[in-house]
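Structure, as C-alpha cells:
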C-alpha cells in the first residue's frame, strides 16, 4: 500500500495526488508539536460529533439543589450557578466552537483567496481598488469590527459567524495577493495564457492552487484568534445566547463567582486555551510541511 | 515564393517607456527554421514575446500565417502558434502532473480524446508513459523540456516560437532536445522561429538567421554563411569569430 503511494511512476492521477498527500502526512508526523496539535483538534472533533455519548449529563438540565458544586467524581468540572454539569457543557460547547471555526474558515478563506488572487493577477487599478477595500477592513481591530457588525445584525451565533468572517478575510487577501505577484509573470502562467486560457481559468486553476497552501497554514494559525474572538463576543453577550453552552458565554457567567467558585469560569477557559494551542501547533507544523519556501530550505 | 509564416514590418517594442526593439523587419517562410542570434539584451526574446502577445507594447505590423496579430494572447492564435520557454524549471506548474499539464490546452479548447492524445504526444517527444503522472520536481531538466515541447505541440500549431530552448540544459541533454526538435519539424512540417546565442545550434537546426544588436537587426544571412564564414556585418563577424569560426572575406 505504502509502496503504491510512494511509487515514482504513478499510473493514475488519483495515485499521484494521494502520493503527494501521503508525503505531506508523513512529514507532518515527524513534527511532534504538530502531532500534539492534530490530536487536540481530533479530540475536539470527536467530542463535537459524539457529545451526547461523551457528556454524562444534559448541557441544559438544571439541578438547583446541586448548584455551584466544586469538581468531584460526580461532576468532573463542578456545576454552575444553575446546577448544570460544567463538563457536559464544555463537551457540547465543542460543537459550537467547531461550528464557528469551520464556518468562518469556509466563508472567509475563499473570499480572501479570490480577492487577493484577482488583485495580484490583474494589478493596476483593480489592484488599487481591491487592496484599498482590504486595507480599510484590515485597519480596524478585529473584535471592535465584529462587535459593530453584531450590534448592527443583532446578537446570535449566525451573526457572530458572519461578523468574524467579515473581519477575517482581509489577511487572506493580502497573503494571496503577495503570492500571486511572485508568480504572475512566471513562464508557466505565460504558457497557459498562450494556450488561450481565460483569466478566470488561469486564476482558478493555476494561481489559486499555489496560494492555497499558505492560506491553509494561515487559516489554521488564525483558528485560535477566531475562537478567542468568538469567545469574546460570547463573553460580551453578543455571540451564542443562553442556554447554549458557548465557552465564552460560560466564562462570562462564571465571572460573578470567580473568587469563591473558581471552576465555573476556569474550566471553559482551559478548553479555549487548549483548543487554541492545538490549532497553533497544527498550523506551525503545516507551515513547515506545506509552505514551499520553508520547505525548500530544509 | 511560399506564403510567409511570420512577417514583421517596422516592429518597435517597448517595455513601459523603455524602447528595446527598433524597426525590425523580416519574414519567415512556411516550413522554414529561422534563428535570431545576438548578445543578451539585444531584444531577441522580446520579439518572440511580442509575436505571442506577452509583450503588448509594440507598434508596426506582425502577421502570422497571413493573419495580423493583436496585442494580447487569444484563443484562435493559440492553435496556430505556440511557444517553448527557456527555463524548463520555471515553465511547468509545480503542482500539476505532466498529464494535467498536457491535457490543459485540450480542456481550454474543448478538444476530446484527451487520454489518447496525451499518450501519443508523450511517445512523440520520447517520454516514457511512466512519466505521465509525475510532478515536475520528479523530472530532470531534459525531461521537463520535453514536457514543455509536448505541451506546445498539443494544439497542433504550425508555427513554434522557441526561446533558447536548450540554453538551460547541460550539453548531452541539449543534443537530445535539438535532435527532438529537428525530428518534430521534419515530421510535422513546423515553422520555427528560434532565439539563441549559440551559433552551432543555429547551423544544426536553422536555414536562415538574423543577427541582432542593441534592438536592431544588423544582418540577415543564410546559415551556409556560418560554414563559410562569409558574414558582411562587422558585428556578425565578431560574433562568429568569438564562437570559434574562421572568417572569410564577405
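The values are calculated or read from the model by the stated rules, or taken from the named source; none is laboratory data. Nothing here was measured: the structure is a model prediction, and the numbers come from that model. Neighbour counts are summed over all protein chains in view; Cβ atoms, including those assigned to glycine, are modelled from backbone coordinates with ideal geometry.
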> Restricting attention to region B:71-88, which residues are within 7 Å of chain A (Cβ to nearest Cβ), surrounded by 21 or more Cβ atoms within 10 Å (Cβ to Cβ) and over 20 Å from residue B:107 (Cβ atoms)?
Replying inline: B:85
>> Here are the criteria: (1) free of Cβ contacts under 8 Å to residues at least 60 places away in the same chain; (2) more than 14 Å from chain B (Cβ to nearest Cβ). Tell me which single one residue A:41 does not satisfy.
In response: (1)
> Which ones in region A:229-252 are crowded, with 24+ Cβ neighbours inside 10 Å and without any contact (Cβ under 8 Å) to a residue 40 or more places away in the chain?
Replying inline: A:248, A:249
>> I'd like to check something: does region B:139-147 contain any residue that is part of a loop (DSSP other than H, G, I, E, B) and under 30 Å from residue A:203 (Cα atoms)?
In response: yes
>> Given (1) assigned to a helix (DSSP H, G or I); (2) surrounded by fewer than 14 Cβ atoms within 10 Å (Cβ to Cβ); (3) more than 14 Å from every other protein chain (Cβ to nearest Cβ); (4) in contact with a helix residue (DSSP H, G or I) (Cβ under 9 Å, 6 or more places away or on another chain), identify the lone condition not met by residue A:74.
In response: (1)
> Residue check: is residue A:173 crowded, with 24+ Cβ neighbours inside 10 Å and closer than 30 Å to residue A:233 by Cβ?
Replying inline: yes
>> Take the residues in region A:243-298 that are assigned to a helix (DSSP H, G or I) and within 14 Å of chain B (Cβ to nearest Cβ); name whichever of them is modelled with the highest pLDDT.
In response: A:290
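Give region B:51-70 a look and list any residue that's at negative phi and within 13 Å of another protein chain (Cβ to nearest Cβ), or say none.
B:51, B:52, B:54, B:55, B:56, B:64, B:69, B:70
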> All but one of (1) within 29 Å of residue A:14 (Cβ to Cβ); (2) more than 7 Å from chain A (Cβ to nearest Cβ) hold for residue B:91; which doesn't?
Replying inline: (2)
>> Of everything in region B:9-23, what is in contact (Cβ under 8 Å) with a residue 12 or more places away in the chain and over 17 Å from residue B:213 (Cβ atoms)? Give them in sequence order.
In response: B:9, B:10, B:14, B:15, B:16
